[in-house]
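The values are calculated or read from the model by the stated rules, or taken from the named source; none is laboratory data. Keep in mind that what you see is a predicted model, and the values were worked out from it rather than measured. All Cβ positions, glycine included, derive from the backbone under ideal geometry; neighbour counts span all protein chains shown. The protein model used for the area step is the full one, side chains on, heavy atoms only, and it has no ligands, DNA or RNA in it. Shrake-Rupley method; radii C 1.70, N 1.55, O 1.52, S 1.80 Å.
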Amino acid sequence: MHFLGTGAGKPTNNRNVTSIALNLLPERGTCWLFDCGEGTQQQLLKTSLKISKFDKLFVTHLHGDHIFGIPGLLTSRSYGGSSRPFTVYGPPGIREFVEIGLRISQSHIDYELDIVEYSEGTVFCDDSFTVTAGKLEHRIDSYGFRITEHDRTGSLDVEALKRIGIRPGPVLGMLKRGETVTLEDGRVIHGTDYVAPSIRGRKVAVLGDTRYTRQSLELARGADLLVHEATFGSEHADLAESYYHSTAEQAARIAAEAGARRLVLTHISSRYDDAGTGPLLEEAQAIFADTHAAVDFARYEIASGK
Ligand SMILES: [Zn+2]
Ligand SMILES: [Zn+2]
């Protein structure tokens with residue numbers, strides 16, 4: 001996970017507005033983007049990530065600091081000669097925003113662009129991942145995403161099978177599925193003896209802007225990594241409440257109550273630019289030790305699930 005922008009509301013010298021790149025399966029050669037604040041494409045240019053590799057954008061909500069970078073990014077992706085289709089998933093209204101932006105500017109997109117307006121529930125599913133959305137509590141409709149990697153069956157120990165004289169063929173497929181096979185010579189082989197334990201898929205939660213809400217718990221339950229906004233510190237809990245944002249301490253409470261493994265705070269108010277995020281981290285770590293405060297270009301590995 002690669003943080004491209006970690007500030008709240010407007011860019012500062014230190015932080016661009018929100019965007020996160022997620023690359024859970026590098027071997028696939030595709031990346032996903034979560035939110036696309038203004039200037040996201042410039043941030044991307046400062047990383048090794050290529051705009052052409054992105055094929056999905058998930059938008060948490062329609063506030064400008066999360067979407068003003070979309071038309072520019074989509075247009076530049078076309079200049080880059082990418083022919084790979086691209087899908088934008090966003091709450092109702094995202095289609096109008098993107099289509100008007102492209103139409104009024106007479107921008108030409110020479111790849112297939114899909115815009116999907118989602119509500120709660122499953123947003124995307126393929127043979128490796130399911131992405132679900134849950135509504136949070138913000139001034140406008142704002143959602144959190146839970147990205148669940150499907151569990152994978154363990155690999156078959158082909159070498160060990162070779163040693164006992166089993167050659168590639170349909171038998172291997174049956175053994176990989178854990179079936180018991182009787183060979184022509186009468187030997188009985190149990191697939192379960194040769195298949196490594198299955199690998200638990202990773203779970204990642206990326207939440208949009210929100211007040212402290214128990215709705216977040218469902219999305220964050222057991223997550224290997226939880227990304228939660230922390231616009232304010234506890235000294236401004238009243239502002240957080242009235243502007244529908246969270247404090248670092250509230251984000252930590254969600255992580256702890258949800259049994260997440262790691263918490264990364266983002267969407268940090270510019271008021272902490274000079275003072276630093278030390279106090280935010282301190283109040284969060286008092287509740288949830290494995291808390292980090294993201295900075296632009298910070299990267300976090302998401303360990304294979306255990
Ligand atoms: Zn925001
Ligand atoms: Zn917002």
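Here are some notes:
- Gap separating the Cα centres of segment 222-266 and segment 1-69, nearest whole Å: 20 Å
- Residue 256-residue 47 FRET efficiency (beta carbon distance; Förster radius 45 Å; 0.05 resolution): 0.90
- Percent accessible area from carbon and sulfur atoms, the chain, protein chains only, probe 1.4 Å: 50 percent
- Table column - 3J(HN,Hα) (Hz), segment 40-56, Karplus curve with 6.51, -1.76, 1.60, x for Gly and Pro: 4, 5, 5, 4, 4, 5, 8, 10, 8, 7, 9, 4, 5, 7, 6, 10, 9
- Cα-based Lys proximity count in the chain, under 30 Å, for pairs eight or more positions apart or on separate chains: 22
- Rounded, prolate or oblate (a/c below 1.5 giving rounded, otherwise prolate when a/b exceeds b/c) for segment 164-226 by Cα gyration tensor: prolate
- Dipole moment magnitude, nearest 20 debye, segment 74-145 about Cα centre, only Lys, Arg, Asp, Glu C-beta charged: 260 debye
- Choice from 212, 243, 143 with maximal GNM fluctuation in the chain (Cα, 10 Å cutoff): 243
- Per-q log10 I(q)/I(0), segment 172-306, q = 0.09, 0.15, 0.19, 0.21 Å⁻¹ (Debye; single scatterer per alpha-carbon; no solvent): -0.39, -0.69, -0.99, -1.16
- Of 221, 202, 163, the residue with the greatest mean-square motion in the GNM of the chain, using alpha carbon springs below 10 Å, is 163.
- For the chain, projected area of the alpha-carbon convex hull averaged over all directions, nm²: 18.4 nm²
- Helix-only arithmetic for the chain: the sum of -39500 (n - 2.57) across DSSP H runs with n ≥ 4, divided by the residue total, places the mean residue ellipticity at 222 nm at -6500 deg cm²/dmol.
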